[in-house]
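Below: the structure, in structure tokens.
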Amino acid sequence: MKKKQSVPEEPAEVRLENLVKFEDEENEAPVKAKRSKADHAGEEVVYHPVKLSRNDLYRPPTAEELNQLKEAESLFHCSLLKMQMEELLKEVALSERRKRQIDSFIQTVTKLIQTVPDSPEVEVSDLSWLSGAVKVPFLLVPKTTKGKFHMAPPSSIDLIGSYPLGTCTKPNVMVDLAVTIPNDVLHPKDVLNQRYPRKRALYLAGLAQHLTSSSDIGTMQYSCLHGNRLRPVLLLTPPGKDSSSFTLRIHACPAPGFFKPSRFHPQRNNIRTEWYTGLQTSHSEPPTPHYNSSVLGDLLPRAHLQFLSAVSSQCSAFTDGVALLKVWLRQRELDQGTGCFNGFLASMLLAYLLITHRISNSMTAYQLLRNTLNFLASTDLTVNGISLAKDPDSTAPSISEFHDAFQVVFVDPSGHLNMCADITACTYKQLQHEASLSMQFWDNPTVDGFQCLLMTPKPMIRTSDHVFQLCELVKLQSSCKKLNLLSELMDHSGDYIHTALPFILSLLQQGLSQRIHLLTHSLSPDPKWSVESEAPKHKAQPPLSFGLLLRTELSSSVLERGPPADSPKAAEFRQLWGPRSELRRFQDGDITEAVLWDGESICQKRLVPKQIITHLLQLHADIPESCVRYVGAMVDDVIKTGKEESLVVVQSYDDLSRKLWRLEDLPLTITAVQGAHPALRYTQVFPPRPLKLEYSFFDREKTSRSLVPKEGKPCPVYIAPITIICHMEGSGKWPHDRLAIQHIRAAFHIQLGELLRKHHSYTCRPCPTHLDVWKDGLVFRIQVAYHREPQVLRESLTAEGLLVVRDNDEAQALEMATIHKPLLTSTLHGLQQQHPCFGAACRLAKRWLSAQLFSDDITEDTADLLVASLFLQPAPFTAPSSPQVAFLRFLHLLSSFDWRNNPLIVNLNNQLTAVDYPEIKNGFMATRESLPVMFIATPKDKKLSMWTKRSPSIQMLQRVIMVAAESLKVLEHQLIDGSQKQDVRVILRPPLDAYDVVIHLNPKQVPLLDQAVDPPAITFSRGVMSGSVAQPGGPLPVIDYNPVSLYLGELREAFGDLALFFCDPCGGTVITVLWKPKAFIPTPFKTSQVSARSVEVTGDEAKTVPNVEAILEDFRIMGKGLVKSVEARTEKWSF
């Protein structure tokens, strides 16, 4: 279609609001141009079809079109990925309107700066020329230094950095302006003893004082370039509504070539010990490589811009490649803060790959990103540094000299500056790890590469298995003293935090060694402060966070086995571990040094890394345990222990299974014994515990002598039956009638009970549907299954005698109970063996669901599958190795997954191939309207999502998503921010204001009260004795008796058409009620539909509406003895 009188205009940006959390921008289409065009046309725009000649219609594709088609076919899984990347690039690029705003503001600021007045020359330490309001952005330690200073207009003002290069991206638009300090303000010897950095700070303060009075400036703040206190900068924003759209960052720099680069060799000293400490020293001066690189960095920005401009002009996709790399770094929190891998380094790395011909100038942005990540993954700059210098002069340091001074080496084109001077080895290892991980899932067709690579944020709290913080950073001063780091402290100009950090990281790396894959640390954010405030002290920055990526198999080991006692390395081992190291003799006869950590339960063993960290920091760095805030397992307390109890259940089940297999005298042999209970896959929130009953608490049933609850006593302990499916062999003797099959099953239950009683003295109670066995203080519920029974239930005879096969709910329920659930249990049991924290993660997830009253909507099996997906397809993360991080990812999955447009594919046992994924997705899209709102596909269930067929409803799923998002936000804030009250259980307390009625229950009759989120101080005796479990035999206890769930079932049966009922099955003492809006629409009077309704007569018409007062009274009557009170919180029904 073609527009009449069409005028080319800038297209409106395509939004990706649901995918990436970049800041929204105004509609980029030029509104004024549109308005004037409409006025000029004076008529409605008319569209006409385009008429193409036959030659145009059948014109062969151009070389460019062929290249694009070939590229989409060979480089991308599908053309969608190519389009997604193109749209993302449009989203992060600056619009023409934004560029015009920036250019205008730069011109305004430039004119203002050029009119800076001169001031008389004074001593550097004399600040009398500054007005009282504006402060100097520098920590004056030591207080004084030599030198004269005066203010003068800059000799030049230049744009530097990403904006003139074209690589500036949203959302944090930062434009850099270099203001050249006049030569007569500086002296060639100013490199010594912080003279130049102080003059630089004074010059910035002079600019700030001059700009303060201007109305053309919005806000004005100081900051530091990448956290380096020697390189303060002035941040300006435009006035009015555009104040948040971009920031102008002003750097004060010397004229290019003012200082000789050779003065900044990493082995030279430019901070004298006598000046810094005030004490005379006879030792030779130590080198100051970090100080030298800070000053040298101010000499080179213009040269760097020229170099990058020359490289980018030869590669058309350079700016897009850098933009993609910046997005990738931002999502991993690597691009901002002290020692970050920023956009400048990303541009330089891309330039290095281009000039060394590792990538070609004709590559697309996609290929540039891929090859850069591949280079990062395979190149260790902590061992083999790289250099952009083609032919450095004779005074330039060698790569090995750079390696002696810095942990990571990447030399700039001049050959004198290490651009990675502030990056720690741990940060680079993290960068390498992330690049390697990205390459692993990039080519995996089963992973949404675009989403994982560029759209999923990876905050430390959700990426690392364990996280801990160093809180009182001022204590690192004593660490520097203990570690004897005076030379390094001088080099970092008194920044004791970043002086001690590399040594602390090295210490922890040495101590944790085989227990972790990776040690990471947070990058301290760049400080910002008002121009009228003093520069913040080093201790003012937020706590340092450290992340551990654990090796599951070794991280919880309580024994640290060292070298043999006579080995030369034994002394090193003793020196590292101090008094915790001791000689031990092992079963193999070896006598070695060893350290034994505390850890009896699995929860304690998970925290062995905490013991190691606190011990090493106290021993070697004088950091007390009170300063270490370990948040690796704070959420685990919610479910207490659990794996040990599950293990007891599994062992008892295995024993019973073996005994069932060995039973003889059965008419048919047993072909399979399968568990079908969450405790048998370690995912039961509170697994059944072996019990010893106090018989005096109960009455006896007359005929069977079974125990029954006593009148007036608290509700007895809840005993959950553990379901076992016992498959019998197929035989022609099995009948083909459903009723006859049920009778045969009942007969099997009777015979199995008799045999177990006879051979093993177990108390058994057979029923038509199951057999209950009291064993080891646990109840096992055995259900005999016949593999053809579901098929028999589907078959029926018509009146004409024809056999008809129809699916029905009864057959599906039986198939689910006897086939699908046992299979899922055994599969997830296997997953627990691969990932030891899987069970605990499921238990945390299900505890949250039940506490928020969602357990009827997201069933146990559904929750287990959701958590399993995090372990089976963890991209862009690694598989979780702690329950807490798995739970955070579970909340993120619930709240951010696009349930409307995507199926969640859970590849159990790795049975799905690459071909199955598009098949499942295509089938899902083709029949979306008839499928459940939450669709989970598994290898045995690709088309129907049987686990979510009945629930959740679309309304409940929306509420789950909303509450999960809020819970994630609150919990992450709790874990990260140590200053607020620590109570992670806040996410388990549901808001009750959304409900219409709250039924309060009598705690005495709630059998699972001790499982509540906030258990009451008063406890009730529930007929259980402490001590070892009773011997086999004895009367059968009260099984599966929970008055709360029975009452809930009765309420739903009686009033399910009028309201929804919710309850926390784990000790909840309230049942909440939500009226269904449609139930309160008056309906015509019918004698068959007057239950719980009152009649209203208006004229000749009689209508019925629910009688709410009577219904509330019914709630009380039905729950007599259990219900304490009924609270009507709203009166929605009256409207």
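Structure notes:
- Charge dipole magnitude, Cβ of K and R +1, D and E -1 - the chain, Cα centre, debye nearest 20: 640 debye
- Highest average packing first - 766-773, 970-977, 327-334, 118-125, Cβ atoms within 10 Å: 327-334, 766-773, 970-977, 118-125
- The charge dipole of the range 854-989, taken about the Cα centre with unit charges on the Cβ atoms of Lys, Arg (+1) and Asp, Glu (-1), comes to about 160 debye, rounded to the nearest 20.
- When restricted to Cα atoms, the range 913-1037 yields an Rg and a Dmax of 22.7, 60 Å, respectively.
- Here LYS702 is the anchor, and the lysines within straight C-alpha reach of less than 16 Å, apart from those fewer than 8 places off in the same chain, are LYS710.
- By the rule of a C-alpha distance below 12 Å, with chain neighbours fewer than 8 residues away ignored, the aspartates and glutamates paired with LYS111 are ASP216.
- Prolate/oblate/rounded label for the range 854-989 (Cα gyration tensor, a/c 1.5): prolate
- Cβ-derived FRET efficiency at R0 25 Å, LEU1046 paired with GLU1113, nearest 0.05: 0.80
- Expressed in units of 2.2 N^0.38 Å, where N is the residue count, the Cα radius of gyration of the range 692-851 is 1.33.
- Sequence-distant aspartates and glutamates (8 or more away, or on other chains) whose Cα lies within less than 16 Å of LYS537: GLU472, ASP495, ASP526
- Residue ranges 785-795, 218-228 sort as 218-228, 785-795 when ordered by packing (mean number of other C-beta atoms within 10 Å per residue, highest first).
- Percent RCO, i.e. relative contact order, over the chain, from Cα pairs under 8 Å lying at least 6 residues apart: 8 percent
- Value of [θ]222 nm, deg cm²/dmol, for the chain, DSSP H segments ≥ 4, -39500 (n - 2.57) each, nearest 500: -11000 deg cm²/dmol
- Residue (of THR948, GLN873, PHE890) at the positive-pole extreme of the range 854-989, dipole from beta-carbon charges: THR948
- Sites ARG585 and GLU644 - FRET efficiency at Förster radius 22 Å, r taken between beta-carbons, to 0.05: 0.15
- Residue-span extension gain [PHE1080 to GLN911] - 0.36 nm each, minus C-alpha spacing: 55.9 nm
- Tensor-based shape of the range 460-528 (alpha-carbon gyration tensor, a/c under 1.5 rounded, otherwise prolate or oblate): oblate
- Note on the range 995-1128: semi-axes of the ellipsoid equivalent to its C-alpha gyration tensor, largest first and rounded to whole Å, are 40, 16, 11.
- Computed packing ranks the peptides 525-531, 89-95 as 89-95, 525-531, most packed first, by mean other Cβ atoms within 10 Å.
- Simple spin-label estimate for SER567 and THR1098 in nanometres, 7 Å along Cα-Cβ: 9.0 nm
- Global geometry of the range 1019-1065, whether rounded, prolate or oblate, following the gyration tensor of its Cα atoms and the 1.5 cut on a/c: prolate
- For the range 93-259, the equivalent ellipsoid derived from the Cα gyration tensor has semi-axes of 28, 17, 14 Å, listed largest first.
- Net dipole in debye of the range 355-467 [+1 Lys, Arg Cβ; -1 Asp, Glu Cβ; about Cα centre; nearest 20]: 360 debye
- Applying 1/(1 + (r/R0)^6) with R0 = 41 Å to the Cβ-Cβ distance of VAL383 and LEU140 gives a FRET efficiency near 0.60.
- Rg/Rg_globular for the range 571-684, with Rg_globular taken as 2.2 N^0.38 Å and Rg from C-alpha atoms: 1.71
- All-pairs alpha carbon distance profile, the chain, 10 Å steps from 0, percent: 2, 8, 14, 18, 18, 15, 12, 8, 5, 2, 0, 0
- Selection from GLY1119, CYS837, ALA813, by position along the positive dipole direction of the chain (Cβ): GLY1119
All of the numbers you see were taken from the coordinates with simple rules; none came from a lab. Predicted model only: the values in this text are computed from it and were never measured. Cβ sites come from the backbone with ideal geometry, for glycine too, and all protein chains shown count toward neighbours.
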